[in-house]
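Student: This structure is in structure tokens; I'll ask about it shortly.
Bear in mind these aren't lab numbers, they're just calculated from the coordinates by the rules spelled out. None of the values given here were measured: they were computed from a predicted structure. Because the Cβ atoms are built from the backbone with ideal geometry, glycine has one as well, and the counts that use them run over all protein chains shown.
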Amino acid sequence: MSRHPTLKWAQRDDLLYITIDLPDAKAVNLKLEPEGKFYFSATSGADNIPYEIDINLYDNVNLDESKASVGSRNIVYIVKKEESKWWSRLLKQEGRTPTFIKVDWNKWVDEDEQDDKAEPDMDYDDVNFSSLNLGGGGGGEEEEDFDDEDEDESDTATEEEKEEETINASSQVEAKAKA
């Protein structure tokens, strides 16, 4: 029997973001049909445990403009909706959403706030998904250099102030001892 990996989703009026959290996925099989049928299967772990998702999305999708990327920690699918409209839910069937499906709050934007928010990091038109390392974890890239000089100066000033306070306290103790 197959297990269900966690599926996170978010949307815009024209796109659907689907992220499947499954580290070290092997034998990944992704299928998306124009009428919104979404199928995923893979194995993971030392025991090659099978995982599977078979759902019907709320509405039709455009296969030609949809993109997928398999990373070391997750599988990302950016699905182009056939019609630019806000979906009331992810799945076609009404009722309770399966427990393995979650909202991706990192990508979520409310419908009425969609146009207000600039989204340069969400523009995937020029991205070559085959060259992305979507496994997370950074490694190999230079990190941003924060201005350490200011911190060093403020630390030095603080140490000088502490030293001055210690000298003043010592002087006060000596003065009391003499009195």
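Student: Give me the one-decimal nm value for the distance between modelled label points at residue 28 and residue 49, 7 Å along each residue's Cα-to-Cβ direction.
Tutor: The answer from the label model is 1.9 nm.
Student: Once amide H atoms are placed 1.01 Å from N in the peptide plane, what residues at a sequence separation of 5 or more from residue 87, or on another chain, have their amide H within under 5 Å of its amide H?
Tutor: Amide H neighbours of residue 87: none.
Student: Non-local amide H neighbours of residue 73 (under 5 Å, H modeled in plane, Pro and chain starts lacking H): which ones?
Tutor: 24, 135
Student: Between residue 92 and residue 62, how high is the FRET efficiency from 1/(1 + (r/R0)^6) when r is the Cβ-Cβ distance and R₀ = 22 Å? Nearest 0.05.
Tutor: With a Förster radius of 22 Å, E is 0.85.
Student: Can you run phi through the Karplus equation (6.51, -1.76, 1.60; θ = phi - 60°) for segment 52-68 and list ³J(HN,Hα) in whole Hz, with x for Gly and Pro?
Tutor: So the J values, rounded to whole Hz, are 7, 9, 9, 10, 10, 5, 4, 8, 6, 10, 9, 5, 5, 9, 8, 9, 9.
Student: Hey, another quick one. What is the Cα centroid distance between segment 7-61 and segment 82-104, reported in whole angstrom?
Tutor: 13 Å
Student: I've got another one for you. Of all the C-alpha pairs in segment 1-114, what % are more than 24 Å from each other?
Tutor: Roughly 22 percent, rounded to a whole number.
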